[in-house]
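Trainee: Shown below is the structure under consideration.
The values are calculated or read from the model by the stated rules, or taken from the named source; none is laboratory data. Remember, predicted model here, so these are calculated numbers, not experimental data. Cβ sites come from the backbone with ideal geometry, for glycine too, and all protein chains shown count toward neighbours. The accessibility values were calculated without ligands, DNA or RNA, using every heavy atom of the protein model including side chains. Shrake-Rupley method; radii C 1.70, N 1.55, O 1.52, S 1.80 Å.
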Amino acid sequence: MNDRAGHRRARRLAIGTAVVVALAGMNGPWLYRFGTEKYHQYQINRPEYKAENGHWKIVEFPEEYRQNTIHAALLRTGKVLLVAGSGNNQDNFDEKKFDTRIWDPVKNTIKKVPTPSDLFCTGHTQLADGNLLIAGGTKRYEKLKGDVTKAGGLMIVHNENPDKPITLPAGTEFTGKENGRTFVSKDPVLVPRAKKVFDKETGRFLRNDPGLGRIYVEAEKSGAKYETGTQDNYRVQGLTGVDARNTYGIAQKLALDKKDFQGIRDAYEFDVVAEKYIKVDPMKEARWYPTLTTLSDGKILSVSGLDDIGQLVPGKNEVYDPKTKKWTYTEKVRQFPTYPALFLMQNGKVFYSGSNAGYGPDDVGREPGVWDVDSNKFTKIPGLSHADRMETSGTVLLPPAQDEKYMVIGGGGVGESKLSSEKTRIVDLKADQPRFVDGPSMDKGTRYPQASVLPDDSVLVSGGSEDYRGRGDSNILEARLYRPESNTFDRVADPLVGRNYHSGSILLPDGSVMFFGSDSLFADKANSKPGEFEQRIEIYKPPYLFRGSRPSLSGGPRTIERGESGTFTSQHASSIKKVRLIRPSASTHVTDVDQRSIALDFETSGNKVTVTVPENRNLVQAGWYMLFVDDDQGTPSEAQWVRVP
């Protein structure tokens with residue numbers, strides 16, 4: 001924390017302590033508590049305090065409109081899409097109660113939107129036309145080891161027939177040749193035909209490589225006696241002739257172990273004008289906890305996730321073409337843990353910060369680096385401190401985006417580890433040999449930190465918890481503004497609501513920041529009471545919104561091509577010092593790879609401001625942006641929406 005912030009904090013503490021001590025001496029414990037809270041409210045609502053520290057306010061929807069918000073995205077209409085799906089609630093899932101809301105922060109209205117699938121733990125990203133691509137979600141909730149009553153697991157179905165594929169329906173029975181136990185499939189599976197393999201030099205036929213299909217199976221009956229301990233071959237019941245000879249299953253241990261969540265292939269575009277989901281072709285792979293990232297050609301890369309049998313997708317990545325609405329596999333395989341933080345770089349490659357939000361081996365795909373998706377070459381970046389605590393860390397592209405500097409914030413150990421990191425790490429990807437260096441530290445180890453880029457080039461870092469999902473009453477009610485130009489944190493007003501797992505933040509067009517969600521595992525320090533999902537929305541207004549009048553901005557074109565200019569009107573044009581083009585957020589699980597703040601060159605004349613959009617399509621991806629102008633006090637205008645085709 002820098003000296004300015006430290007002195008300010010000390011001054012507030014000294015004044016508050018004096019008042020509290022006096023109250024305690026005169027009136028005893030009750031008045032002490034009452035007086036402390038009353039004085040605190042007086043302090044945080046003083047204009048001078050707000051101008052230095054900003055201000056938080058809770059927004060509570062009417063009860064019938066509240067939901068367990070897991071995902072949120074700012075739409076080009078200025079409204080916010082709030083997606084819960086089943087909201088991490090097994091009862092909702094079983095009853096097919098899937099929720100979506102649209103909130104208008106200006107009118108403070110909210111409405112329900114029919115939700116076609118369980119879009120809980122889906123992936124999403126902004127599209128060039130302003131719609132939102134949403135892909136993946138939940139097919140089955142996890143079952144902890146003690147809750148699993150039927151032995152089950154993965155069955156690999158082999159088809160050795162090179163002449164035709166075979167489809168096995170749900171309910172197909174597999175009987176072990178050695179163990180004699182029978183297991184039943186939960187879903188249909190298409191097993192491709194076998195591939196004939198020939199000698200490259202002689203052309204002589206060598207063998208058939210069987211086609212493979214993966215399916216989840218479980219025992220017919222409950223109980224430990226139906227578990228298997230080793231690999232076995234399984235005969236497929238009901239097949240005859242050629243199919244019976246060529247088709248069989250192989251499974252490793254089928255047991256009463258914990259069963260992970262399972263993903264779905266469903267994909268939708270959310271139409272921001274009609275305010276409804278439009279179904280598009282499903283993904284090739286089912287995915288739960290995937291990341292969607294826009295590539296240089298405007299197609300969308302879908303990476304990682306748990307598949308339809310609850311296993312990490314084995315590096316089979318795919319891309320969505322918004323023109324054809326179709327998915328195709330990438331040529332090469334690369335595996336990442338779930339919700340990996342992947343950002344398009346100015347050279348068209350993809351930066352992986354190492355941040356992720358959950359599932360996957362602790363020794364596969366966790367090192368940060370630069371990924372060339374076409375060639376599959378991956379160049380590791382050294383220097384990352386607390387490299388074993390990158391799960392549930394946040395990553396943000398620091399403003400302005402042209403500098404190509406990223407900050408990785410906090411994080412924790414893999415899984416339910418108690419380890420957490422107080423560090424920030426910064427990497428300059430424009431350096432000859434990029435390397436992480438430590439930035440300013442936070443007071444506490446922080447999982448699930450939220451980070452939002454602001455139009456004055458600061459970054460709001462808030463919330464999180466010291467332990468996994470807020471265990472031990474470990475939510476962190478602190479907020480800071482990171483200043484890239486000085487590489488320092490300023491402590492600002494404390495949030496009113498704790499935020500950990502399943503929370504996020506979104507910059508709004510008026511320059512304030514919306515916070516949503518939080519899913520504490522327990523509700524008390526002793527970890528004896530189950531937690532409740534935090535349904536309240538909280539708005540943070542940064543200090544720049546309490547400095548008096550804001551620069552105006554109006555008129556101007558709705559569309560500006562790359563390399564072209566557009567002229568807007570401002571009564572404060574002579575005081576404008578910077579112009580920023582900010583891509584709207586799509587946030588979930590500490591992952592928001594959309595947000596970026598791009599510096600625009602500009603000229604002023606009279607009451608006119610002419611701005612120019614950079615030419616690099618990887619820097620300025622096609623889509624809708626918020627255009628802000630900042631005056632000489634660092635105060636931004638309200639945003640104008642601009643489309644870059």
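Trainee: Calculate, for the chain, the solvent-accessible area per residue in square angstrom, rolling a 1.4 angstrom probe over the heavy atoms of the protein chains.
Mentor: 42
Trainee: Next up: Cut-off 13 Å, label point 7 angstrom out along Cα-to-Cβ of Leu212: give me the residues of region 125-159 whose amide nitrogen falls inside.
Mentor: Output list for this probe position: 155-159.
Trainee: Student exercise: in region 404-477, how many lysine pairs 8 or more apart or on different chains have Cα atoms under 20 Å apart?
Mentor: 4
Trainee: So if I average 1/r over every pair of distinct C-alpha atoms in region 126-187 and take the inverse, what Kirkwood radius in Å does that give?
Mentor: Answer for region 126-187: a Kirkwood hydrodynamic radius of 16.0 Å.
Trainee: Can I ask one more? Can you pull the percent of the chain's accessible area that's carbon plus sulfur, 1.4 Å probe, other chains left in place?
Mentor: 48
Trainee: What does the C-alpha gyration tensor say about the overall shape of the chain? Classify as rounded when a/c is under 1.5, otherwise prolate if a/b is larger than b/c, or oblate.
Mentor: prolate
Trainee: Return the lysines within reach of Lys608: Cα separation strictly under 27 angstrom, same-chain partners fewer than 8 residues apart disregarded; answer none if there are no such residues.
Mentor: The reachable lysines, counting only those whose Cα sits under 27 Å from Lys608, are Lys577, Lys578.
Trainee: Between Ala170 and Asp362, take the C-beta separation as r, use R0 = 45 Å, and let me know the FRET efficiency to the nearest 0.05.
Mentor: Using R0 = 45 Å, I get an efficiency of 0.85.
Trainee: Rounded to the nearest 0.05, what FRET efficiency do Asp94 and Asp428 have when you use their Cβ-Cβ distance and R0 = 51 Å?
Mentor: The value I calculate is 0.55.
Trainee: Over the chain, what relative contact order in percent results from Cα pairs under 8 Å that are six or more residues apart?
Mentor: Contact order relative to length: 12 percent.
Trainee: Principal axis lengths of region 209-329 from Cα atoms, whole Å, largest first?
Mentor: 55, 35, 27
Trainee: Provide the gained length on full extension for the span Lys529 to Ser417, in nm with one decimal, where the gain is 0.36 nm per separating residue minus the Cα-Cα distance.
Mentor: Answer, rounded to one decimal: 38.3 nm.
Trainee: Next question, about the same structure. Please report the accessible area of Asp403 (heavy atoms, 1.4 Å probe, ligands and nucleic acids excluded) in Å², nearest 10.
Mentor: 70
Trainee: Full extension from Asp281 to Arg435: what is 0.36 nm times the residue separation minus their Cα-Cα distance, to one decimal in nm?
Mentor: Computed gain between Asp281 and Arg435 is 51.4 nm.
Trainee: Would you list which lysines come within 27 Å of Lys150, measuring only between C-alpha atoms, while excluding same-chain residues fewer than 8 positions from it?
Mentor: Within the straight-line cut-off, Lys150 pairs with Lys96, Lys97, Lys139, Lys177, Lys186, Lys221, Lys225, Lys253, Lys258, Lys259.
Trainee: Using a cut-off of under 12 Å, list every residue of region 144-180 whose amide N is near the label point 7 Å from the Cα of Gln231 along the Cα-to-beta-carbon line.
Mentor: 156
Trainee: From largest accessible area down, sort Thr567, Thr115; use a 1.4 Å probe on the protein chains.
Mentor: Sorted descending by solvent-accessible area, the residues read Thr567, Thr115.
Trainee: For region 394-449, what number results from the quotient of the Cα radius of gyration and 2.2 N^0.38 Å?
Mentor: 1.23
Trainee: Work out the FRET efficiency for Gln311 and Lys38 from their Cβ-Cβ distance, taking R0 = 45 Å, and round it to the nearest 0.05.
Mentor: Computed FRET efficiency for Gln311 and Lys38 comes out at 0.20.
Trainee: A further question on this structure: Only loop residues by DSSP count here, and only those with at most 10 other Cβ atoms within 10 Å; note down the trypsin sites (Lys or Arg not before Pro) in region 542-645 that meet that.
Mentor: Arg558
Trainee: So what's the projected area for region 506-645, the Cα convex hull averaged over all directions, in nm²?
Mentor: Approximately 10.1 nm², given one-decimal rounding.
Trainee: Between Lys380 and Arg46, what is the label-point separation in nm under the 7 Å Cα-to-beta-carbon projection?
Mentor: Computed distance between label sites Arg46 and Lys380 equals 5.3 nm.
Trainee: Which whole-number percent is the relative contact order of region 193-332 (Cα, under 8 Å, 6+ apart)?
Mentor: Rounded, it is 15 percent for region 193-332.
Trainee: While we're looking at this one, here's another question. Convert 4 °C to kelvin, take the viscosity as 1.567 mPa s, use the Kirkwood radius over C-alpha pairs of region 60-142 as Rh, and evaluate the Stokes-Einstein diffusion coefficient in µm²/s, rounded to a whole number.
Mentor: For the chosen part, D equals 98 µm²/s.
Trainee: Still on this structure, please answer the following. Below 8 Å between Cα atoms, with a sequence gap of 6+, how large is the relative contact order for region 551-624 in percent?
Mentor: For region 551-624, the relative contact order is 34 percent.
Trainee: Something else now. Report, in deg cm²/dmol and to the nearest 500, the calculated mean residue ellipticity at 222 nm for the chain, where each DSSP H run with n ≥ 4 adds -39500 (n - 2.57) and the sum is divided by the residue count.
Mentor: Helices in the chain give a 222 nm mean residue ellipticity of -3000 deg cm²/dmol.
Trainee: Does anyone have the angle between helix 3-44 and the longest principal axis of the chain? Alpha-carbon axes, 0 to 90°, nearest 10?
Mentor: For helix 3-44, the angle is close to 90 degrees.
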